[in-house]
1. If L21 satisfies every condition in (1) open to solvent by less than 40 Å² (accessible area, probe 1.4 Å); (2) in a helix (DSSP H, G or I) but one, which is the exception?
2. Any idea which of (1) under 23 Å from I6 (Cα atoms); (2) exposed (fewer than 14 other Cβ atoms within 10 Å of the Cβ) is the one D64 doesn't satisfy?
3. Where residues in region 34-59 are on the phi < 0 side of the Ramachandran plot and among the aromatic types (F, W, Y), which of them is surrounded by the most Cβ atoms within 10 Å (Cβ to Cβ)?
4. Within region 6-17, identify whether any single residue is assigned to a helix (DSSP H, G or I), open to solvent by less than 40 Å² (accessible area, probe 1.4 Å) and under 15 Å from M66 (Cβ atoms), and answer yes or no.
5. Scan (1) at pLDDT below 90; (2) out of contact with any Lys or Arg (no Cβ under 7 Å at 6 or more places or on another chain); (3) of a type outside the set (A, V, I, L, M, F, W, C); (4) open to solvent by less than 70 Å² (accessible area, probe 1.4 Å) for the single condition N31 breaks and write down its number.
6. Can you name every residue in region 18-61 that is among the acidic types (D, E) and under 28 Å from I6 (Cβ atoms)?
7. Tell me, yes or no, whether region 52-64 has at least one residue that is in a loop (DSSP other than H, G, I, E, B) and modelled with pLDDT of 85 or more.
Amino acid sequence: MRNNIIDYIFSKRENAISVFLANKLIRFYVNENPSQTDLESFALIIRQNNFDIYPSVKWLLSSDMMYTSKSMEELRYKNPVELAA
């Protein structure tokens, strides 16, 4: 019964769920304000991977989106000394 409900929700809201996940993952790993194009392209990758998170995050971390100048300039990553302060 439980799997049927989850399958039903995913069948009706597949695009919305993939965009939601893409937004959360991009905001966590790449930058706080992702563009709509980045969200849509990553949401497509999530759907193509059948909502399997590992290959999706692997794609994200190796994509050009991760290494744009905007992403690299944000203060998202701190070294251990900064975390201790």
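The values are calculated or read from the model by the stated rules, or taken from the named source; none is laboratory data. Computed from a prediction, not measured in an experiment: that's the story for all the values here. In this analysis, Cβ positions are derived from the backbone assuming ideal geometry, glycine residues included, and neighbour counts consider all displayed protein chains. The area values use the complete protein model at the heavy-atom level, side chains included, leaving out ligands, DNA and RNA. Shrake-Rupley method; radii C 1.70, N 1.55, O 1.52, S 1.80 Å.
1. Condition (1) is where L21 drops out.
2. (1)
3. Taking region 34-59 first, the residues on the phi < 0 side of the Ramachandran plot are 34-49, 52-59.
In the following step, the residues that additionally are among the aromatic types (F, W, Y) were identified as 42, 54, 59.
Details: F42: 25, Y54: 8, W59: 17.
Among those residues, the one meeting the criterion is F42.
4. Applying the first criterion (assigned to a helix (DSSP H, G or I)) to region 6-17 yields 6-17.
Within this subset, residues satisfying the condition of being open to solvent by less than 40 Å² (accessible area, probe 1.4 Å) are 17.
In the following step, the residues that additionally are under 15 Å from M66 (Cβ atoms) were identified as none.
Among the residues of region 6-17, not one is assigned to a helix (DSSP H, G or I), open to solvent by less than 40 Å² (accessible area, probe 1.4 Å) and under 15 Å from M66 (Cβ atoms), which makes the answer no.
5. If we test N31 against (1) at pLDDT below 90; (2) out of contact with any Lys or Arg (no Cβ under 7 Å at 6 or more places or on another chain); (3) of a type outside the set (A, V, I, L, M, F, W, C); (4) open to solvent by less than 70 Å² (accessible area, probe 1.4 Å), just (2) comes out false.
6. So the first thing to find is which residues in region 18-61 are among the acidic types (D, E), and the list is 32, 38, 40, 52.
If the condition is that a residue be among the acidic types (D, E) and under 28 Å from I6 (Cβ atoms), then D38, E40, D52 are the ones that fit.
7. Just the residues of region 52-64 that are in a loop (DSSP other than H, G, I, E, B), to begin with: 52, 63.
Narrowing the set further to residues that are modelled with pLDDT of 85 or more leaves 52, 63.
Looking for residues that are in a loop (DSSP other than H, G, I, E, B) and modelled with pLDDT of 85 or more, one finds at least one in region 52-64, hence yes.
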